[in-house]
Amino acid sequence: MDTATVRIVEPDGEVAAGAPAPPPVAELLAGYRAMVLARRLNEQAGALVRQGRLAVYPSSRGQEACQVAAAAVLAERDWLFPTYRDTAAVVARGVDPVEVLTLLRGDWHCGYDPLAHRVAPQATPLATQLLHAVGVGHAARLKGDDDVVMALCGDGATSEGDFHEACNFAAVLGAPVVFLVQNNKYAISVPLARQTAAPSLAAKAVGYGMPGVLVDGNDLAALTVVLGEAVRRARDGGGPTLVEADTYRMDAHTNADDAGRYRGEDEVAGWALRDPLLRLRAHLVARGALTEQLQAEYAAAAEALAARTRDGVTRGGGVDPEEMFAHVYATPTAQLAEQRALLRTELELEGS
Amino acid sequence: MDTATVRIVEPDGEVAAGAPAPPPVAELLAGYRAMVLARRLNEQAGALVRQGRLAVYPSSRGQEACQVAAAAVLAERDWLFPTYRDTAAVVARGVDPVEVLTLLRGDWHCGYDPLAHRVAPQATPLATQLLHAVGVGHAARLKGDDDVVMALCGDGATSEGDFHEACNFAAVLGAPVVFLVQNNKYAISVPLARQTAAPSLAAKAVGYGMPGVLVDGNDLAALTVVLGEAVRRARDGGGPTLVEADTYRMDAHTNADDAGRYRGEDEVAGWALRDPLLRLRAHLVARGALTEQLQAEYAAAAEALAARTRDGVTRGGGVDPEEMFAHVYATPTAQLAEQRALLRTELELEGS
Amino acid sequence: MTGARKLTMAQAINTALRDALTADRSVVVFGEDVGPLGGVFRVTDGLTRDFGEQRCFDTPLAESGIVGLAVGMAMNGLRPVVEMQFDAFAYPAFEQVVSHVAKFANRTRGRVRLPLVIRIPYAGGIGGVEHHSDSSEAYYAHTPGLTVLAPATNADAYALLRAAIELPDPVVFLEPKKHYFLAEEVDVLAPAPPIGRAVVRRAGRDATLIAYGPSVPVALAAAERAATDGRDVGVVDLRSIVPFDDDTVCAEVRRTGRAVVVAEAPGFASVASEVVARVTERCFHHLEAPVRRVTGFDVPYPPPELEGYYLPGTDRILDVVDDLQWDAT
Amino acid sequence: MTGARKLTMAQAINTALRDALTADRSVVVFGEDVGPLGGVFRVTDGLTRDFGEQRCFDTPLAESGIVGLAVGMAMNGLRPVVEMQFDAFAYPAFEQVVSHVAKFANRTRGRVRLPLVIRIPYAGGIGGVEHHSDSSEAYYAHTPGLTVLAPATNADAYALLRAAIELPDPVVFLEPKKHYFLAEEVDVLAPAPPIGRAVVRRAGRDATLIAYGPSVPVALAAAERAATDGRDVGVVDLRSIVPFDDDTVCAEVRRTGRAVVVAEAPGFASVASEVVARVTERCFHHLEAPVRRVTGFDVPYPPPELEGYYLPGTDRILDVVDDLQWDAT
Ligand SMILES: Cc1ncc(C[n+]2csc(CCOP(=O)(O)OP(=O)(O)O)c2C)c(N)n1
Ligand SMILES: Cc1ncc(C[n+]2csc(CCOP(=O)(O)OP(=O)(O)O)c2C)c(N)n1
Ligand SMILES: [Mg+2]
Ligand SMILES: [Mg+2]
């Protein structure tokens, strides 16, 4: 396998020497716009946590290129399997942010309709969702559909047994899955060096007999090309690909985390220079494609998204205690009906 | 990583062109002797199953070179982690065959003292024991010991999550473990092609950042060199190695299996030509090292082993129903004491 | 018209799988060795040959992988029926079962139901070495969101598996492996019992034995022996552990006033504990004696030579029945 | 001399780990984020700094790996204390726990005992999102070979963890995470209660509440409220689920004739079921009413906004106490 990192746009916005052809400028503009929105969403969600409107928020600040590219390369009939950190990717895929944040607001475990959007619930138990992704992809093939599945996980999650089983199943079945590992260098506090001794996470592809690609995860252009290619291969029956995106988590793991305990400010500052937005902006401005006016439009769209998110989350959905019993089985068991009645009686007594 | 198969002695007994230096002839003779014993043990155990003395026996016929080499390269202070199929390796390590077969006779789960022999119980839940091996190795290092651990598993077991976690933990911790995968081409009925799409199982080492070696698993000389080298590296602080032995299970999975359902006689016949015993015998006879007299001595030793095994297993150990309660906790709980008393009363009533 | 024939439980389940594969294109079967070999118990014998590799296939050897794959396939419109080779080899899939299979419908407000079946050959009595005889039902029964079935007859094995495959919710289907090779009359055309209904296998006036799966024939044998001692003991077969049929069970116990729960699993925090607890809560004033348990001991399943001492047998059951404070009446 | 100071439960456990690391060179601590970060609950705060990387270290992110590593290290003479980050994230280790941790000593006729401790922050009440509030004790309690402890006070957390680390057998140590940041008086020099002993937290004449872990303070609060209503209700804190202290529990119940078991976990086939079953079996003729349960509902743990409706609270407990057939007396 090729162990060089695929990069198209350098941190300063220049095109890398010998790089693959970048995507069309319209695509890059759309991607830049989506990153502006994603960044704003990360900030807004952080603010909602500080205001006590969200219980917690795992931010993807610094990883917006991955978030946007993962959604952008998919067709509508394709599937996205996100983790708790991939709120921005789910929103980029078109799901309403207030529905997405239902989970973190604490109203319900998943606030959107996974089948309507072809977006799985944001997975918490690490790497488990990768197997579901393989199942969805394999089922598509059995049914004669050419849908592709984009499955996300972090660097830490690659250590779990389920990561191994998912990659292996996908390769043996030839399932149409693109595994995108966002290597943001930490699993909460644990640095990559304690996670693996491999030369790269992409190198793990060798052990499964599938292509592995290491890509600059802060370079939207490169991500779009690499992931787009992997999606095409999967759609054409070429099986799965493992893509490692070299990126960085700029914020703490969540608001509850104290990143100062395990990493220095210098390191973070170094990665700020590789920011995915600044880089693409410099590139598009230099090409004359990103005008002041467009920038203002994107900023306005981002504010509108933030406002909609803030209002929706603040308004809240209202919860129904009895919903606890509603979905556990298609037809509630006698036991659950009894327990639900008990709770109802309690609530009525309280209310009276 | 190097993907060529390491081979020293060809199936016809000739030394392979460009092969590494073979081990000293005395070592090869000892190895040949041990293989003769291992083969005889496999046959004897099979006979005991047919006679109803053993409940089941997973034979390693065809894999005797792996069985013998895995034990032979270890120092006394090293550890062996065998599976259900590695009875011959455990016996080659010096454990009494009757104690080893206690498990398959049905008297108790493990009939030998794992700590006295530094041989773990034969593992049934696939790949789980590999993690224990890493733990033993890492503990040795923390205690300042330079013991090495030899951990065995099959090709099928490499698909389990625990295989992945064990390799990864070993590599990250730099644990002194040699993982020996006996790729005997089948996991019960499932052929290798349904197990992995990788070019080889040894190639999985890349994803863990450890050396991976593919070796002819029917060539005792090559196994001794490759495993010996891996043990030395581990002892010297060089960390783990993944060794794939290319071999074949000549018998059915166990006596309960019907191999005709999933593989042809041709395939089996082809592998008979690569038999590990015939090959080394041809080699040693050609070198003039293996005399008729030595052959007779080995055969006699094998018969003695078989007789001892047969007699011991046939005699049986006698079981004590109350032993069920004896070891669950160091100090029996009040609940277990009560249950034990109940059983004792029942037995007394029956006896009276 | 009747579909009655003599079938072993392995054959009954094989027939159920065949009939389901035939009736519904979305049914798929997979697991370890279920393809050309037909499973280590031959339960899937001939399915790959007759329905093709796409409908019945071998997977790589990884149980979490198998269950996780089934979750995804169920999300995408199929009805997977997976086999765990033995009870203890389902444990690697525990996280997938507890954190996903059981919770997906609830998590998604019912939008993503997972119509999948996890078949588990379970329990002992076959002289298996360690890890081949666990009674693991308590782990599943304690996990909300799972339907847990344990047939005791070959007819129920057929009918309940058909119903399980049709259910929109995930089912853990526990097959008492010691029954696999015993033949019984099975009428595949007989009306199927609804999931969640226990059945009175033997009416009795004096006491009620409550059992499921492999313990049902043991309970029936005990009742038979009790009858020769002049005691009229009934047997209820739960069939479904979750949902639980309180009505059938409690009706019997209220009538007899005495009950013993029989199960192979270790008794502590078990399904048997639950039966004792809920029957006592509901029938307290009808009880002449405490509801008792005859279960496996609280030890790891013993080696083959000792399993006869471990398993609840008729003697042990009758001793406890004898102990149900008959003098007091 | 006294070692009394105000400590949160996180600090009490941190102190226990420190004292154990100091007392015994063979103790090692590892898991996810337990090193420099000090654990997501700061329970291992400062251990790597003070005892070095060899004694307290971060592992790769894999729970089966962590427990499997601990098994091997215990085989080779060390005493590992591992942390599972949250209850539901211990499920990937289930096979290692059930098939090895619980069975190794029995498998090897006591020749290889595994003196290891698996610490699990468990249960709810902290507003955690899905998978962060499971009460998973039944899975472990049902598995023979495990010792299962659930402290309810900071003093017990200290003393029981010290005892658990010294025990030659494996222990599942359940830490009620909602207690982590509540301070209480802890005397680290106080004589430690033996493992397997329940304690009467409050004597009562009329009825007995039986609880453990996070439900103990809830039971005590309910008893307090009952007292103002003129009912003298006692509280037993199990502390140890396995082994179970029948003597202490049954002595109380025989005295009061009425009992209610309180626990957060779903009730079906749970530890609470076991308590009902065994208390009923042993105290039947002393009971004025059936032993009842106030437990979590048989649903997946709900989202934060609903957990208040799910958790057993004082109202629900008092309703059930009121229902204990007082008229009959
Ligand atoms: C099975 C499991 N174990 C532990 C956790 C707790 N946990 C949540 S996030 C996290 C770190 C994950 O790191 P990584 O995979 O790199 O993703 P990132 O958070 O960096 O995006 C851990 C340990 C979990 N969610 N699931
Ligand atoms: C976790 C687990 N799953 C399933 C099994 C049942 N089983 C026993 S041996 C076997 C095949 C193993 O194949 P392989 O690893 O290639 O070893 P071999 O038997 O060929 O030596 C299976 C599936 C098991 N023992 N453990
Ligand atoms: Mg990360
Ligand atoms: Mg094999």
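So, in region A:189-218, of the ones that are touching a Ser or Thr at 6+ places or on another chain (Cβ under 9 Å) and more than 14 Å from chain B (Cβ to nearest Cβ), which residue ends up nearest to ligand 2 (Cβ to nearest atom)?
Step by step, filter region A:189-218, then rank; the result is A:Val213.
Please find, among B:Arg249, B:Arg261, B:Arg274, the residue that is touching a residue at least 40 places away in the same chain (Cβ under 8 Å), within 30 Å of B:Ala193 (Cα to Cα) and surrounded by 21 or more Cβ atoms within 10 Å (Cβ to Cβ). Give the steps one after another, and end with the answer.
On the way: B:Arg261 fails: surrounded by 21 or more Cβ atoms within 10 Å (Cβ to Cβ); B:Arg274 fails: surrounded by 21 or more Cβ atoms within 10 Å (Cβ to Cβ).
Residue meeting the stated conditions: B:Arg249.
Here are some conditions: (1) more than 29 Å from the chain's Cα centre (by Cα); (2) modelled with pLDDT of 95 or more. A:His327 meets all but one. Which one does it not meet?
Failed condition: (1).
Considering each residue of region B:35-74, count those that are touching an Asp or Glu at 6+ places or on another chain (Cβ under 8 Å) and of a type in the set (A, V, I, L, M), and give that number.
Here is the first cut: in region B:35-74, the residues touching an Asp or Glu at 6+ places or on another chain (Cβ under 8 Å) are B:35, B:38-40, B:42, B:46, B:59-62, B:65, B:67, B:70, B:72.
Going one step further and asking which of them are of a type in the set (A, V, I, L, M), we end up with B:35, B:38, B:65, B:70, B:72.
Qualifying residue count for the region: 5.
Looking at (1) surrounded by 24 or more Cβ atoms within 10 Å (Cβ to Cβ); (2) within 11 Å of another protein chain (Cβ to nearest Cβ), which is the only condition C:Val233 fails?
(2)
Among the residues of region A:226-241, is there at least one that is more than 9 Å from every other protein chain (Cβ to nearest Cβ), within 16 Å of ligand 3 (Cβ to nearest atom) and over 30 Å from D:Gly127 (Cβ atoms)?
Looking for residues that are more than 9 Å from every other protein chain (Cβ to nearest Cβ), within 16 Å of ligand 3 (Cβ to nearest atom) and over 30 Å from D:Gly127 (Cβ atoms), one finds none in region A:226-241, hence no.
Of all residues in region A:150-171, which are in contact with an Asp or Glu (Cβ under 6 Å, 6 or more places away or on another chain) and more than 14 Å from chain B (Cβ to nearest Cβ)?
Our first condition is that a residue be in contact with an Asp or Glu (Cβ under 6 Å, 6 or more places away or on another chain); within region A:150-171, this holds for A:152, A:161.
Correct list: A:Leu152 only.
Specify the residue that is farthest from ligand 2 (Cβ to nearest atom); the eligible residues are those in region B:172-181 that are more than 14 Å from chain C (Cβ to nearest Cβ) and touching a strand residue (DSSP E or B) at 6+ places or on another chain (Cβ under 7 Å). Full working, then the answer.
Of region B:172-181, the ones more than 14 Å from chain C (Cβ to nearest Cβ) are B:172-180.
Filter again for touching a strand residue (DSSP E or B) at 6+ places or on another chain (Cβ under 7 Å), leaving B:176-180.
Numbers: B:Pro176: 23, B:Val177: 18, B:Val178: 17, B:Phe179: 13, B:Leu180: 12 Å.
Here the residue is B:Pro176.
Could you identify the single residue in C:Gln96, C:Gln85 that is surrounded by fewer than 24 Cβ atoms within 10 Å (Cβ to Cβ) and of a type in the set (S, T, N, Q)?
Numbers: C:Gln96 fails: surrounded by fewer than 24 Cβ atoms within 10 Å (Cβ to Cβ).
That would be C:Gln85, the only listed residue that is surrounded by fewer than 24 Cβ atoms within 10 Å (Cβ to Cβ) and of a type in the set (S, T, N, Q).
Sort through C:Ala74, C:Ala62 and tell me the only one that's within 15 Å of ligand 2 (Cβ to nearest atom) and either more than 12 Å from chain A (Cβ to nearest Cβ) or in contact with a Gly (Cβ under 8 Å, 6 or more places away or on another chain) (or both). Step through it out loud before you land on a result.
Values: C:Ala74 fails: within 15 Å of ligand 2 (Cβ to nearest atom).
Only one candidate qualifies: C:Ala62.
Among the residues of region A:318-336, is any touching a residue at least 40 places away in the same chain (Cβ under 8 Å) and assigned to a helix (DSSP H, G or I)?
Yes, there is a match, as at least one residue in region A:318-336 is touching a residue at least 40 places away in the same chain (Cβ under 8 Å) and assigned to a helix (DSSP H, G or I).
Considering only region B:125-160, state which residues are within 16 Å of ligand 4 (Cβ to nearest atom) and at positive phi.
Within region B:125-160, B:Ala127 is the sole residue that qualifies.
Just to verify a result, which residue in region A:150-167, among those that are within 9 Å of ligand 3 (Cβ to nearest atom) and not hydrophobic (A, V, I, L, M, F, W, C), is farthest from B:His164 (Cα to Cα)?
Taking the candidates together, the pick is A:Gly154.
Give the residue, chosen from A:Gly207, A:Gly238, A:Gly161, A:Gly174, that is touching a Pro at 6+ places or on another chain (Cβ under 7 Å) and farther than 22 Å from A:Ala19 by Cβ. Don't jump to the end; show me each part of the working.
Details: A:Gly207 fails: touching a Pro at 6+ places or on another chain (Cβ under 7 Å); A:Gly238 fails: touching a Pro at 6+ places or on another chain (Cβ under 7 Å); A:Gly174 fails: touching a Pro at 6+ places or on another chain (Cβ under 7 Å).
Within the list A:Gly207, A:Gly238, A:Gly161, A:Gly174, the selection yields A:Gly161.
Sort through C:Ala155, C:Ala150 and tell me the only one that's surrounded by fewer than 24 Cβ atoms within 10 Å (Cβ to Cβ), in contact with an Asp or Glu (Cβ under 7 Å, 6 or more places away or on another chain), away from chain D (no Cβ under 11 Å) and not charged (D, E, K, R).
Working: C:Ala150 fails: surrounded by fewer than 24 Cβ atoms within 10 Å (Cβ to Cβ).
Step by step, each of C:Ala155, C:Ala150 is checked, and only C:Ala155 is surrounded by fewer than 24 Cβ atoms within 10 Å (Cβ to Cβ), in contact with an Asp or Glu (Cβ under 7 Å, 6 or more places away or on another chain), away from chain D (no Cβ under 11 Å) and not charged (D, E, K, R).
As an exercise: evaluate A:Ala88 against (1) touching an Asp or Glu at 6+ places or on another chain (Cβ under 7 Å); (2) outside any helix (DSSP H, G or I) and give the number of the one condition it does not meet.
(2)
Which pairs have Cβ atoms under 6 Å, sit 6 or more apart or on different chains, and link a residue in region D:80-106 that is farther than 25 Å from D:Arg162 by Cβ to one that is part of a helix (DSSP H, G or I) and of a type in the set (Val, Ile, Thr)?
Short answer, once both residue conditions are applied: D:Tyr91/C:Val98.
Looking at region A:177-211 only, could you name the residues that are more than 10 Å from ligand 3 (Cβ to nearest atom), of a type outside the set (Lys, Arg) and touching an Asp or Glu at 6+ places or on another chain (Cβ under 7 Å)? Write out each step before concluding.
We begin by selecting, within region A:177-211, every residue more than 10 Å from ligand 3 (Cβ to nearest atom); these are A:177-180, A:189, A:193-194, A:196-211.
Now drop any that are not of a type outside the set (Lys, Arg), which leaves A:177-180, A:189, A:193, A:196-203, A:205-211.
Correct list: A:Ser189, A:Ser200, A:Leu201, A:Ala202.
For region A:153-195, which residues satisfy the criterion of being touching a residue at least 60 places away in the same chain (Cβ under 8 Å), touching a His at 6+ places or on another chain (Cβ under 9 Å) and not in a helix (DSSP H, G or I)?
Matches in region A:153-195: A:Gly174, A:Ala175, A:Pro176, A:Val177, A:Tyr186, A:Ile188, A:Ser189.
Of all the residues that make up region D:22-41, how many are under 22 Å from the mean Cα position of the chain (by Cα) and without any contact (Cβ under 8 Å) to a residue 40 or more places away in the chain?
Of the residues in that region, 1 qualify.
Within region A:91-129, how many residues turn out to be within 14 Å of chain D (Cβ to nearest Cβ), touching a residue at least 40 places away in the same chain (Cβ under 8 Å) and in a helix (DSSP H, G or I)?
Summing the residues that are within 14 Å of chain D (Cβ to nearest Cβ), touching a residue at least 40 places away in the same chain (Cβ under 8 Å) and in a helix (DSSP H, G or I) in region A:91-129 gives 5.
I need the full set of residues from region D:162-172 which are crowded, with 24+ Cβ neighbours inside 10 Å and out of contact with any strand residue (DSSP E or B) (no Cβ under 6 Å at 6 or more places or on another chain), in order please. Break it down into steps so the answer makes sense when it comes.
Going through region D:162-172, the residues crowded, with 24+ Cβ neighbours inside 10 Å turn out to be D:164-165, D:170-172.
Selection gives D:Pro170 alone.
The values are calculated or read from the model by the stated rules, or taken from the named source; none is laboratory data. Model, not experiment: these values are computed from the prediction. We place every Cβ from the backbone using ideal geometry, glycine too, and count neighbours over all the protein chains shown.
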